[in-house]
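Below is one structure, written out as structure tokens, with a few remarks after it.
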Amino acid sequence: MQYGEFDANSLMYITNRPELVFVRGSGSWLYDEQDKAYLDFVQGWAVNCLGHCPPEISEALATQGAQLINPSPAFYNGPAIELAGLLTRHSVFDRVFFANTGAEANEGAIKLARKWGRLNRDGAYEIITFEHAFHGRTLATMSASGKPGWDTLFAPQVPGFPKARLNDLDSVKALIGPKTVAVMLEPVQGEGGVIPAEPDFLQALRELTREHGLLLIVDEVQTGMGRSGRLFAHEHAGIEPDIMTLGKGIGGGVPLSALLAREAVCCFEPGDQGGTYNGNPLMCAVGAAVMRRLTSPGFLDKVDETGRYLGAALNELVARHGLVGERGQGLLRALILDDDRGPALVKGALEHSPKGLLLNSPRPNLLRFMPSLTVSTAEIDEMIGLLDTLLHATRKA
């Protein structure tokens, strides 16, 4: 594929991309080089929490980009201090380490837990994770993930990640041993099919980890930053984890992630952890702008309300088309189909004319919805109308 004088084959092949190039975006809409509009219910996989090119982010990038971009993480900078302060002010955590991707944040959480285990639990290093979990694409985070097939893709795996079953406390208990240092999970398994951890399970898991002197790590890379209708999804269960990771929405579209921990767990020493771009003022200025918007009066209440509206609209499709059901939290939701036509629906939505629709099918039998947190009910109605047409069309095929 050509773009101007350049050939797209210069990009390394890692995924099947459609023959189109997006050139601009605004709110819930993307536009390709032919100026065709696409209603975006993927938003970079839950990254663009305020939609495409929101003024807060554009202004933060322009202002900070003209002042200071990267003095190196060996020095303090104002935006990093401000964003860390906002995150600790609005959470139960005391310290923040900034990185660039969710995988980096999770890798940092694994390292922190293992260091803590060496100092406090006689070298314990195993972290219990869960089947169908997704924690990133580094070797350690792939090993921590429970995605089928990942145990052999880049074998051998990093050891130390026994797998329990989500919402099954007995399966966790059975794996606890002298080498166990922590339990790590997503409050909602996004890549696994938008499967929420039940509040009573999270509460019981918190009690179990405390009883055994283990750390509880919540991976909120996808569920954090307002996606669930609360600032952090674990808040729905009223628990206080020891470590939390953030990514995706924290940067609203730019590369930014964070590892947060309670003071008692913070045991890194100089040289243990770092990163060339970590905590740079350009990205942190964006993160601070995102945080100020998410914590503004009424914003999260509106997200919760819109999430309920989306859930109800999806349930109407369930009833109309005889589908299996709908599940999720806030504006991270899934429509469970009655067959494996998810990829066909994604393709049909993309190619629909005159307007396209961006959907995601992490499993063949379901669709995942991750719109901007600022998506309107009118845009939800438009998406539902188009999806209704596609469901009818694929049923006839």
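The values are calculated or read from the model by the stated rules, or taken from the named source; none is laboratory data. Treat the numbers as computed from the prediction; the structure is a model and nothing was measured. Please note: Cβ atoms are built from the backbone with ideal geometry, for glycine as well, and neighbour counts cover all protein chains shown.
Quick notes on this structure:
- Residue in region 231-264 that is surrounded by the fewest Cβ atoms within 10 Å (Cβ to Cβ), counting only those that are in a loop (DSSP other than H, G, I, E, B) and under 14 Å from the mean Cα position of the chain (by Cα): 255
- Looking at 95, 114, 118, 165, just one residue is at pLDDT 95 or above, under 30 Å from residue 292 (Cα atoms) and surrounded by fewer than 22 Cβ atoms within 10 Å (Cβ to Cβ), and that residue is 95.
- Among the residues listed as 342, 298, the single one being buried (at least 18 other Cβ atoms within 10 Å of the Cβ) and either assigned by TED's automatic domain parsing to the domain that holds residue 48 or modelled with pLDDT of 95 or more (or both): 342
- Residue within region 262-281 that is closer than 26 Å to residue 191 by Cα, touching a strand residue (DSSP E or B) at 6+ places or on another chain (Cβ under 7 Å) and not polar (S, T, N, Q) present: no
- Candidate set: region 18-46, residues that are closer than 23 Å to residue 252 by Cα and charged (D, E, K, R); chosen: the one surrounded by the fewest Cβ atoms within 10 Å (Cβ to Cβ): 24
- The sole residue among 308, 368 that is closer than 25 Å to residue 191 by Cβ and either part of a strand (DSSP E or B) or in the same structural domain as residue 133 (by TED's automatic domain parsing) (or both) is 368.
- Only residues that are surrounded by fewer than 17 Cβ atoms within 10 Å (Cβ to Cβ) and assigned to a loop (DSSP other than H, G, I, E, B) were counted in region 278-295, giving 1.
- Among the conditions (1) in the same structural domain as residue 373 (by TED's automatic domain parsing); (2) free of Cβ contacts under 8 Å to residues at least 24 places away in the same chain; (3) loosely packed, with under 14 Cβ neighbours inside 10 Å; (4) not β-branched (Val, Ile, Thr), the only one that residue 74 does not satisfy is (1).
- Condition check for residue 172: in contact (Cβ under 8 Å) with a residue 60 or more places away in the chain, in contact with a helix residue (DSSP H, G or I) (Cβ under 8 Å, 6 or more places away or on another chain) and closer than 26 Å to residue 211 by Cβ: no
- Restricting region 21-46 to residues that are part of a loop (DSSP other than H, G, I, E, B) and touching a Phe, Trp or Tyr at 6+ places or on another chain (Cβ under 9 Å) leaves a set whose member that is nearest to residue 221 (Cα to Cα) is 42.
- All positions within region 354-397 that are farther than 29 Å from residue 147 by Cβ and either touching a His at 6+ places or on another chain (Cβ under 9 Å) or modelled with pLDDT under 95 (or both): 386, 388, 389, 392, 393, 395, 396, 397
- Hits in region 150-182 - residues which are closer than 9 Å to residue 126 by Cβ and either part of a helix (DSSP H, G or I) or of a type in the set (D, E, K, R) (or both): 179
- Residue satisfying all of: in region 168-193; of a type in the set (Asp, Glu) and surrounded by fewer than 22 Cβ atoms within 10 Å (Cβ to Cβ); farthest from the chain's Cα centre (by Cα) among these: 170
- Qualifying residue in region 2-17 (condition: within 30 Å of residue 270 (Cα to Cα), in a loop (DSSP other than H, G, I, E, B), free of Cβ contacts under 8 Å to residues at least 12 places away in the same chain and among the aliphatic types (A, V, I, L, M)): no
- Residue list for region 375-388, restricted to those being touching a helix residue (DSSP H, G or I) at 6+ places or on another chain (Cβ under 9 Å) and farther than 18 Å from residue 223 by Cβ: 376, 377, 380, 381, 383, 384, 386, 387, 388
- Residue match in region 47-69 (condition: more than 19 Å from residue 254 (Cα to Cα) and part of a loop (DSSP other than H, G, I, E, B)): no
- Put simply, of 220, 198 the only residue that is over 23 Å from residue 100 (Cα atoms) and at pLDDT 95 or above is 198.
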